[in-house]
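Below is one structure; the comments refer to it alone.
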Amino acid sequence: MQHYFSEAFGGLKPGLGLVIDAGRAVKLGSLTVRTPTPGFTAQVQAGNSQQGPFADDSASQTVGATTTFRLDGKTAQYYVVWISKLPPGGKAEISELTSG
């Protein structure tokens with residue numbers, strides 16, 4: 001767990017990501033994020049190594065309690081939910097991810 005005191009990560013970094021391993025290379029059409037801390041800005045990125053590099057696979061959007069990201073269709077084993085702006089209070093939590 002990491003804590004920041006502003007929506008812009010205290011000016012310390014451009015964002016923070018949660019890496020998801022699909023187990024093998026797949027082409028996802030969507031990724032749905034469920035969170036108890038809505039209001040953060042995120043996008044989905046894709047890559048073939050857990051350490052990256054990652055390429056954008058969705059548009060950036062503000063996440064609600066349940067938000068579905070429509071993906072551009074990159075084939076990858078690793079997907080990242082890249083959070084670029086925290087909600088008021090400086091805490092973002094992801095409780096569930098589902099793909100479609």
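What follows draws every value from the coordinates through simple rules; no lab data is involved. Note that the structure is predicted; figures quoted are calculated from it, not measured. Glycine also receives a Cβ, built like all others from the backbone with ideal geometry; neighbour counts cover every protein chain displayed.
Against the empirical 2.2 N^0.38 Å (N residues), the chain has a Cα radius of gyration ratio of 1.02.
For the stretch 9-99, give the magnitude of the charge dipole about the Cα centre (Cβ charges: +1 Lys/Arg, -1 Asp/Glu; no others), in debye to the nearest 20. Walk me through the numbers before you get to the answer.
Working: 8 positive and 6 negative charges, 9 e Å.
Charge dipole of the stretch 9-99: 40 debye, to the nearest 20.
Mean sequence separation of contacting Cα pairs (under 8 Å, at least six apart), scaled by the length of the chain, corresponds to a relative contact order of 43 percent.
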